[in-house]
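Please read the structure below before turning to the comments.
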Protein chains: 2
Amino acid sequence: MRKPGTYSSPHSATSSCLAASAAAGEGVMSDAEFHTWREERQTEQAQQVTQVPFEELNGWGFDSRTGNLTHRSGRFFSVGGIAVRSDFGPVSEWTQPIIHQPEIGVLGIAVKKIDGVLHLLMQAKSEPGNVNGVQLSPTVQATKSNYTRVHGGSAVPYIDLFRNPEPHSVVADVLQSEQGSWFLHKRNRNMVVEVGPEVEAAEDFCWLTLGQVNTLLSQDDMVNMDARTVLSCLPEWRDGGTEQPGAAHTGTEIRSWLTRRRAEHEVTVEPLGLSELKDWYQSGTTVSHRDGLFFDVIGADIRSHRREVPAWSQPLLRPCGLGVAALMVRRIDGVPHALFNARAEPGFLDVVELGPTVQCTPENYAHLPAEDQPRFLSQVLARRPEHTLFDSTLSEEGGRFQHARSRYLLIEAEDDADVPTGDDFRWLSARQVEELLRYGHQMNVQARTLVAAWRSL
Amino acid sequence: MRKPGTYSSPHSATSSCLAASAAAGEGVMSDAEFHTWREERQTEQAQQVTQVPFEELNGWGFDSRTGNLTHRSGRFFSVGGIAVRSDFGPVSEWTQPIIHQPEIGVLGIAVKKIDGVLHLLMQAKSEPGNVNGVQLSPTVQATKSNYTRVHGGSAVPYIDLFRNPEPHSVVADVLQSEQGSWFLHKRNRNMVVEVGPEVEAAEDFCWLTLGQVNTLLSQDDMVNMDARTVLSCLPEWRDGGTEQPGAAHTGTEIRSWLTRRRAEHEVTVEPLGLSELKDWYQSGTTVSHRDGLFFDVIGADIRSHRREVPAWSQPLLRPCGLGVAALMVRRIDGVPHALFNARAEPGFLDVVELGPTVQCTPENYAHLPAEDQPRFLSQVLARRPEHTLFDSTLSEEGGRFQHARSRYLLIEAEDDADVPTGDDFRWLSARQVEELLRYGHQMNVQARTLVAAWRSL
């Protein structure tokens, strides 16, 4: 227990240090060195990923009772089904496959001061579902099965920094959800920990300034989803951190709105066997929707000499179409705000989280009438270039999803136009976003990517 | 949207107004008038509650497939089972009955200034499981089935004040859990709303100052659980509200500890049919544990001329033994702190919430060895009278539980004794408690009662 009284932060990742690191440009590794290093990692970590029929998945099979696709150990994850009834959105009832992964993994970024500037320890990591092999990942990105090594495999580097950190060195530590349409109740522990000078970058790791990471964030398929969600949990560093004064709504008003949306809507999710789904059919190689919408479940065989296990096979969820995730931002009386949508996804633990202004795969709405199209989608598609602050195609988690990509957009709204947003939307200030991100289950993973992008501008 | 800039609270339930109301003593109703009025309500609302065999429960029956006890409408609630595996606590595996109540109800207290002093609109309400008929309840205490009147019944008074409040009049609005050993994923919307002068007290209602409610809180079985949990969500009013300076741990340290406890422990909860439970047996009149421990499920027939529905029957959960819930408190460098326990209960939505220092039914531990007795229980039982700041036997929710009562204790710890608490416990400052209570699923219902009691001293 420390003595109360002083309230200076016990670690270096304060708003001012983060702001300095964000402004720093190159740190101990130049941008040119980084790209050379990354290409080497790419070659070094080359993976061969081949789609295979389910019956060729080593260690995986369909449960005879439920039809669920499970690993014989009972660990890792499984693909089952759910039946959803919802009074949110245009479709009130459906069934779908979903990934069950009850274990809570660790996504952690280590930070330390080098020559007075905060650096982040980033990892070059290839995942089977990535379109481009290696992407920039957190220092640690490990499921509990991984890091407790229940099934052998090599030790997860740096995991001890996150399992037993000194309490005062923890900058952020919060359980956050992942894709609620694809994962049932999945959450990972998002951590940022300040480490001592003795921690050095191993072969697949490098120290980058926040400024470098922010620049890389705007490159297509460069910074992976797990790194992006951890970045979003950092303290706000713009405009002197949390010193921003006003907001369009009080914190109580925002929390009350979110509480009301959770309380008034009914979303019921019942487990269902994968073989019991309506509108989905199963071949020897895919589980697919009869209209070719949403996603397929496929089997993949992965060969690599660099992974904890050199060769393995696993199911992957392969989305149909490119997602769109867009956040409208503006200053209200000089204070940065963004427009969030209270959004129900069946896999959320508590009904509703805040999503971006727009989040959809437009193809999945093509068969629905105009009034059922996602709100603000047409404005986003008709945006002017000078209002587009961020426009990159980024990958979702490559360990579970095959070539899952979304176009992430930050769009500046007219400063003087008070868009009528309705009860599904609220403008939150940057300070309010930071506070909500200290608690789990408030903001979804797509919104968190856009918060990281927003701060990177 | 309001204009930013000024940050004075838009409603009157600020810390200073709450402090004034807490100090006010009698308001528009004297204490003597209150007790007379309450006794009248008691007579007026007399209920006859009779235990009946399950087969005599009107509208209820055992599902032929699962054995679950359900209402034929599919609404209200049901009694099913769960299988739990947990690496928390001395017992690693068990099955038990549990109440499923997926609907989110409203627990709301209306407040208004009368002659410059804030008053709370409290309700005299009898519940079938109460030991003493009428208890003091929130203005509104209604399940969604109640207030949307899906099954007839009369309108819930004052519900509109809570369904569509002016955003700026909302003082607190948060989803909070209820007993995680008895309810699966139950949560209610806890609200405090400031209302205008036009709102008057109807027959079963009265306006009391916070000081009066605080005094009543220390009386046995007087203020019901639903009122207590709403009171705990009020802003902190002691010591100038949130102006308290230091704390034993930073907010980040506290959140990190709670995140770690959630991430590192595994508590898996699988639904099970009521007829599939091990160690539980079913007669025509009870579902009981073979050792007579924990609780029974019984059927009850209720007659009354004052309820929304004049006569009805329902299952009730009848606990065995009197619970103990104790919170150790002390000032650390002048700042009030309380000792909370990171506690797993199978019905929690996210594995762990903060509970009191001690929470148990001692009888349920009688068969376990000394080292498996709840931590701090012996200290609590051996407390000195001069260190006992609060000691009342209070009722849990009488709408679902039959004669469920716990002895609630606040115990002053030695100021200079730094008790070694271990990783299951942390001292939180009053300010940190207030902040956590703005978010759901952080602090359990027994701890919330003790927070309300702590503030009432």
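The values are calculated or read from the model by the stated rules, or taken from the named source; none is laboratory data. Keep in mind that what you see is a predicted model, and the values were worked out from it rather than measured. Virtual Cβ from ideal backbone geometry, glycine too; neighbours counted across all protein chains shown. Keep in mind that these areas ignore ligands, DNA and RNA; they rest on the heavy atoms of the full protein, side chains included. Shrake-Rupley method; radii C 1.70, N 1.55, O 1.52, S 1.80 Å.
Data table
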read-out	value
Two-site FRET efficiency, A:Ala202 against B:Ser73, from Cβ-Cβ distance with R₀ of 56 Å, rounded to 0.05	0.40
Percent of Cα-Cα distances greater than 57 Å, calculated over the protein assembly as shown	9 percent
Karplus 3J(HN,Hα) series, Hz, for the range B:154-164 with 6.51 cos²θ - 1.76 cosθ + 1.60 (x for Gly, Pro)	7, 5, 7, x, 6, 4, 5, 4, 9, 7, 9
Under 9 Å, Cβ to Cβ, from B:Pro319 - net charge with Lys/Arg +1 and Asp/Glu -1	0
All-pairs alpha carbon distance profile, the range A:107-169, 10 Å steps from 0, percent	19, 43, 30, 8, 0
Contact order relative to length of chain B, as percent, for alpha carbon pairs under 8 angstrom and 6 or more apart	21 percent
Derived scalar couplings ³J(HN,Hα) [the range B:55-72; Karplus, 6.51 cos²θ - 1.76 cosθ + 1.60; whole Hz; x for Gly, Pro]	5, 8, 6, 6, x, 10, x, 8, 4, 5, 8, 9, x, 5, 8, 10, 8, 5
Which of A:Arg343, B:Arg303, B:Arg290 is most accessible, then next, and so on - probe 1.4 Å	B:Arg290, B:Arg303, A:Arg343
Accessible area in the full protein assembly, largest first, 1.4 Å probe, for A:Lys278, A:Lys112	A:Lys278, A:Lys112
Equivalent ellipsoid, the range B:1-160 (semi-axes from 5 times Cα gyration tensor eigenvalues, Å)	38, 24, 18
Cβ-derived FRET efficiency at R0 56 Å, A:Asp333 paired with B:Gln219, nearest 0.05	0.70
Relative frequency of Cα-Cα separations exceeding 23 Å in the range B:187-266, percent	49 percent
Stretch in chain A that is longest and holds no GluC sites (Glu not before Pro) that DSSP places in a loop and that have at most 13 other beta carbons within 10 Å	A:204-413
The range B:278-347: radius of gyration over Cα atoms, expressed as a fraction of 2.2 N^0.38 Å	1.79
Nearest residue to the symmetry axis between A and B, taken on chain A by its Cβ, in whole Å	A:Tyr439, 2
Dimensions (Å) - the range A:254-378, Cα atoms, principal axes, largest first	56, 39, 29
Reduced Cα scattering model of the range A:345-444, Debye log10 I(q)/I(0), q = 0.10, 0.11, 0.14 Å⁻¹	-0.35, -0.43, -0.73
Probe 1.4 Å - accessible area at A:Asp372, Å² to nearest ten	50 Å²
Cβ charges +1 (Lys, Arg) and -1 (Asp, Glu), total dipole of the range A:185-263, debye	900 debye
Where N is the number of residues in the range B:319-401, Cα Rg divided by 2.2 N^0.38 Å	1.23
Relative contact order (%) - criterion: Cα under 8 Å, at least six apart; region: the range B:323-457	36 percent
Chain lengthening between A:Glu412 and A:Ser378 when straightened (0.36 nm per residue, less Cα-Cα)	10.8 nm
Value of Rg to Rh for the range B:387-451 (Rh from inverse mean 1/r over Cα pairs, i.e. Kirkwood)	1.02
Volume of the Cα convex hull of the range A:76-202, divided per residue and given in Å³	163 Å³
Distances in nm from A:Arg375 to the matching label points in the other copies, shortest first (labels 7 Å along Cα to Cβ)	4.6
Accessible-area value, B:Val117, 1.4 Å probe, nucleic acids and ligands omitted, Å²	50 Å²
Convex hull volume of the range A:161-301 per residue (C-alpha atoms, cubic angstrom)	247 Å³
Solvent exposure ordering (accessible area, 1.4 Å, most first) of A:His119, A:His185	A:His185, A:His119
Kirkwood Rh and Cα Rg combined as Rg/Rh, the range B:7-95	1.23
Computed Rg/Rh of the range A:92-136, alpha carbon atoms with Kirkwood Rh	1.21
FRET efficiency for B:Ala370 and A:Ser154, using Cβ-Cβ distance with R0 set to 35 Å, rounded to 0.05	0.25
For B:Gly251, inter-copy label distances in nm, listed shortest first [label point 7 Å out on the Cα-Cβ vector]	0.5
Heavy atoms of B:Tyr365 accessible to a 1.4 Å probe, total area in Å² rounded to 10	60 Å²
B:Glu266 versus B:Asp424: modelled label distance in nm, points set 7 Å from Cα along the beta carbon direction	2.1 nm
Entries in A:Lys125/A:Lys186; A:Lys125/B:Lys186; A:Lys186/B:Lys278; A:Lys144/B:Lys278 that, when Cα-Cα distance is taken, lie over 32 Å	A:Lys125/B:Lys186
Cα gyration tensor shape of the range B:182-222, rounded if a/c is under 1.5, else prolate or oblate by comparing a/b with b/c	oblate
Relative contact order (%) - criterion: Cα under 8 Å, at least six apart; region: the range A:97-144	43 percent
Stokes-Einstein diffusion coefficient of the range A:144-199, Kirkwood radius over Cα pairs, 10 °C, 1.306 mPa s, in µm²/s	120 µm²/s
Virtual spin-label span in nm between A:Glu386 and A:Ala311, 7 Å along Cα→Cβ	5.9 nm
Convex hull volume of chain B per residue (C-alpha atoms, cubic angstrom)	150 Å³
Nm distances between copies for A:Ser283, ranked from closest, using label points 7 Å along Cα→Cβ	6.1
